[in-house]
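First the structure, in the form of structure tokens, and then the observations on it.
The values are calculated or read from the model by the stated rules, or taken from the named source; none is laboratory data. Note that the structure is a prediction, hence the values are computed from the model and not measured. Glycine gets a Cβ as well: all are built from the backbone with ideal geometry, and neighbour counts include every protein chain shown.
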Amino acid sequence: MFPSSSSGALQRPKSRTSHTRPPSSSSLRPSSSAPIRPSSSASVRPPSSASTRPPSSASRRPPSSASTRPTSRTTIRPTSRQASSRLIPFYPTLITQVLGLHEHVEGGDEQTEEDEVRWRNAMEFVSESLSGHGTKSVGVDMDVMDKQIRGHAQKARINMRDKWAEALEVAYSKLKEHVKCQKDLDTEVKMARLPDHLQFLLMLSTPPTSQMLANASTYLERLKHPPPPPATLTWKEIIQDEPFEGDHWAGIFDEEEGSEDSELSDWGEERDRDIDTDTDFGFGLRGRGESVSSLDPEEVHPIPNHKNLEEERDPRRSWAHRQGVEEMKEGQYWRDEWVSDVDSRGERVFDIGDSSTLGPAMRRVLGEGLGAKIDGVVRERYINEVDAVREILIGLQGRKNLLIEWQSGGQQGSMFIPSPTSPRLVHLTLGSQHSIISSFARIATTVQHLRKFVEVVFELSRVYPTTKGAGERYAKSGRRHTKTLEAYAEAVDVELRTFDSWCAGREEQMLRASFGVVPEGEGKGLVASLLSLEKALRDEFGEVFGVLLDVTRRVMLRATSRSPLPPSSSTTAQTTDLYVLASLPTQQPPSHQTTYLLNVLLGCVSENMSMGDGRTADGVMRVFGRSVEVVWGWVGEWLWGGMEVSEPGLGPGFTGGGDGRGVDEEFFVEDNGFGIGDPEFWVEGLTLRGGDWDVYGRKEKGKKSVPVFLEGVAEDLLSGGKSMGLLRALELVGGVGEGRVWVSFQELLVRSCEEGGKVRGDGPRSGISSVSPDALSRLVFDELLPYCQTAQGRLTRVLCEECEMWRHLGAIEDIYLMRRGDEMSHFVDTLFAKMDTRQHWSDFHFLNSTFTDIVQSSTKKWVEPSLVRLSYRGNKDSSITRTVKAIDGLAIEYAAPFPLTYLFGGRAIGIYNSILVFLVQMRRAKSVLDRILVRGAIGGMGREGSELKMFYAMRSKLSWFINTLLDFVVTNVLHTQVLRFHEGLRKAKSLDEMIQLHDDHLEKLQGRCLLQDHTSALDRAVQSVLDMSLYFSDCFVAFAGDTTHDISRVSLVMTRRHRSRHQRRQRKNIIGFSQSLLELGDDDDSDSDSEHDDAPEPSFSLGASSISLAEEDFFVRLDKMGSELDGLVRFVRRGVESLAGGTNEAAQAFGVLAFALEDWDR
Amino acid sequence: MSSREADRLSAAQQTLDLLHDISQLLGTQLDKETLATCVSMIESGANPEALAAVIQELRRERTSINAQSPANGR
């Protein structure tokens, strides 16, 4: 609040100069209208509003004057006796501008009432304050102001604010100067008042801040560089407007009416409208400043009346000017007015010492008519060779020129040809000029075709967007080119630009030289002739554009051809314009196109290097380096991130990795759509794309569609990326390239070139130079292999350590290869016991529960029973008593956890299972034979000893063979091979290697167990021997009763403390060497079975026989069996010997068996 | 309007511009319009010291109004 309103008596504000003011007369001011106000309306105010208001303000708030508000503001104006009436109109403006309040509006709400009070107080205060001094002038003069301003500047200088001081002084001097110039007594700001103004400003001044210093700098800057005057009205704008609309037409018709003053009067009126004449000063009130500034005479540029002046002054109409123009035209060789400084009219005779006589002389000799017929030049206009070179340089950049012109749609396709209207060179004959220019036309054609190709590719890539999915879709539909081709087009474009800038640079050099501006080092020995230009071109670029054109044509022909055959060399294909080919939809798979392009490029590098054309090879190599970046980038992504992993069925642990990156259609790795949980995923899920065509279009079966420089490392790349992806899936990912920076392909090339340069001792060479494909392959291999190995190594470690690969492998070998002798023997013995008693042994629950029981009774936990599932899939009808083939149906599945399923997949487990079945079959036969006892008691039965000896001999033969075979399989095949495999597996560095080793291992096992297709005859023979054992057992039982005994059945007793009644019953039929021991050991058994005390039964029983053959038949049968067995064993021996005679690794193993079988004859 | 009048106005405008420049340099925090009002008032005979004091007082009042407004929840 103002002092007046709070205290009731006015306290005049203290001035900055601190001089005390005389007591104001305003103290005598009658009190405000407050006493006559009605009671405050505050009582009806809503309490909420009142409560939030600060009490001080509320208490001091004057009562509302709403009801008795004076009708006019003037009525409450203090009756300031001395106030100058001239000042009064400014008060509201000042208050509005400074305080931000506006005059009260009738019917305002409570808010405005408050403002109204403020407004009135402010009005009172201002009028009181100013009326006190009214028109009294303090009387400072200009000298005082000068001193004060100088003082300010000096102070600023001391404070190191030179700019500000300078700005102040400059502004001050400008002001003084300006006001001095105003001699007019009516000026708005009078010189006499200037000190007052300045004093006023100085009193309000504040110490310089950074903003003010910045203002000072800006001010000085503005003085130095005044802004350009605003754009003036031009005829163009006037014409563009609607006819007769707009301000600028305002005076036209008046002028036409002939009133000289009308224009002025219009202006005058307009200005009068702008300036409020009510106020003394045009800039006084809000908004006025703008209208005034728009009338700044400096900014207003009246349109001069040029009508006649233009005609008088137009220099184009003067003769001298015309002459000058004509002379200049004569100096311009491209104009018809060009006048050569060589006399070409043909009057000069041929002079062998003056080359400029050659052309005209030849023409003269050939005659006008003949000359016109010669292809090429028909008009006789001579230009200098320098200009011809310049024209050729322009033409090479694909621009319009005098010497060569673009002819589209010719028989040989579009091309540049020497222009028929081209000017001639005096020192060349028609033929030689045509020949030279044709050579340039060929180069220009090549370059132009490439330009058009680049243009089309860029256009297509612009039309079809590159968003993920869409880009691939377009590429698939052939509407858009592959990314590599786009990169290639860009690389070609870079080369073209280099070419263009070279041409432009050469032209610049020539022009500079012609004007004598030759910078140091440049233009030395510059020769501006067509032949030197041709040589320089060849030296600079070699055949690079020709090669690129050829490459592009081959690639585009191949891409757009429907058949996978190599591009045809037909004339039609060769003359089809390249840009037409580039616009056609592509037909080949993107990856093939990419591989083909890169291979062709590299092939060209190699060809040119071998021919010693280093310049061309370097150029093509640069293009190759840029084109390959796309594939290189994918290789990087592949190695850093691996494949996309998304397997919703795998649960929370396997969601990682899938960030939407798919394998690009163009990349050489193909996604075959297997889920990561599929056991075949690792081998089949992601593979290298196949492509049956090599670089030269030759058919090559099994060839992968991998760029040739990546072929060496492709398998490792595939494996490394897959390892990385799997690690991501297992959420074990870490930076594979920790400490390594992925470099772009070009950097790699440059680095190798530099290293190569150092090695050769000729210093590092800048840029990319050509590298032979072999060296490139090695370079890439060395660069990529560490990434692959890191990923593979990490995965191998994870498999071994976190996935417990060795534990699972051990369990599998224990089960399938029966390396866990005791437990697996117990298991098969249980099975055999079931078989012997002709019970149903293949029951699913029996198999699984037996196995689980055996595993659980073991002291050492060697396998998790939950991972093992046994089943029988064979034909239930085939009797185990007749053939061991019945065991074929036994299947054990081992469910290795992910990701070991890749290693122990279904196929591997199947092979393991077949080996297990083979082992069980042999053991079955062996157990049957072992149960046959031939004891002295048999002799007591009255039989001939020789007869029994025959049985005994037969049993021995069978046992010998089966034992030999089993011994060989267990010792020389399984044990040896497993040891070797483990040794190899420990050294394996990648999952792929592990899988490969495992597969090889299984193949070897299978082969040596004679389970492969090529040994199926031997396998059948072995099966026959095994079946024969069963048959022999049956015969023997039929002959001698059940004299069988299986000592191994004891193991069953040992496995379970509790013996069932059934087992006891079985045991009663057993006579064995272990019987007494067992009985002794079981003495403490409290079982009170009545059978327990029965005497041991005889070891054979006649009643057990089910074979009711005549006794004579036994011996016939034995004879038959004997001879058959002999034949079978010899067959097997021969087969094994032939296998042992091979050159492969298995030969050694079979040699052992062959050696063992040699004993058969002894 | 006569050209003389226009000249007069443009001269006034220039003077005002120059004064505004100085005002800016001195950091008076007066905008062009307020300066124009003040110049007019001084030309009309207002005491520059008193005017400066009034402006300072009005600014103080404005600050207090602004401080009060948020407190009142406006």
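Results, tabulated for the structure shown:
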item	result
Where A:Trp841 falls short, out of the listed (1) over 30 Å from A:Leu727 (Cα atoms); (2) surrounded by fewer than 19 Cβ atoms within 10 Å (Cβ to Cβ)	(2)
Some residue of the range A:761-781 being in a helix (DSSP H, G or I), farther than 22 Å from A:Gly619 by Cβ and at pLDDT 85 or above	yes
Residue match in the range A:788-795 (condition: without any contact (Cβ under 8 Å) to a residue 40 or more places away in the chain and crowded, with 17+ Cβ neighbours inside 10 Å)	no
Residue tally, condition more than 7 Å from chain A (Cβ to nearest Cβ) and over 21 Å from A:Lys176 (Cβ atoms), over the range B:3-55	5
Unmet criterion (only one of (1) under 16 Å from A:Arg1133 (Cα atoms); (2) part of a loop (DSSP other than H, G, I, E, B)) for A:Leu1026	(2)
Matching residues in the range A:420-460 - criterion: being buried (at least 21 other Cβ atoms within 10 Å of the Cβ) and either part of a loop (DSSP other than H, G, I, E, B) or acidic (Asp, Glu) (or both)	A:Ser422, A:Pro423, A:Leu425, A:Val426, A:Leu428
Test: A:Lys147 is within 11 Å of chain B (Cβ to nearest Cβ) and either at pLDDT below 85 or within 20 Å of B:Pro48 (Cα to Cα) (or both)	no
Pair list, Cβ < 6 Å and 6+ apart or interchain, from the range A:703-722 residues that are among the polar types (S, T, N, Q) to residues that are at pLDDT 85 or above and not in a helix (DSSP H, G or I)	A:Ser719/A:Ser990
Residue satisfying condition, being under 30 Å from A:Ala1038 (Cβ atoms), in the same structural domain as A:Phe1032 (by the TED database) and at pLDDT 85 or above, within set A:Phe961, A:Phe968, A:Phe981, A:Phe951	A:Phe961
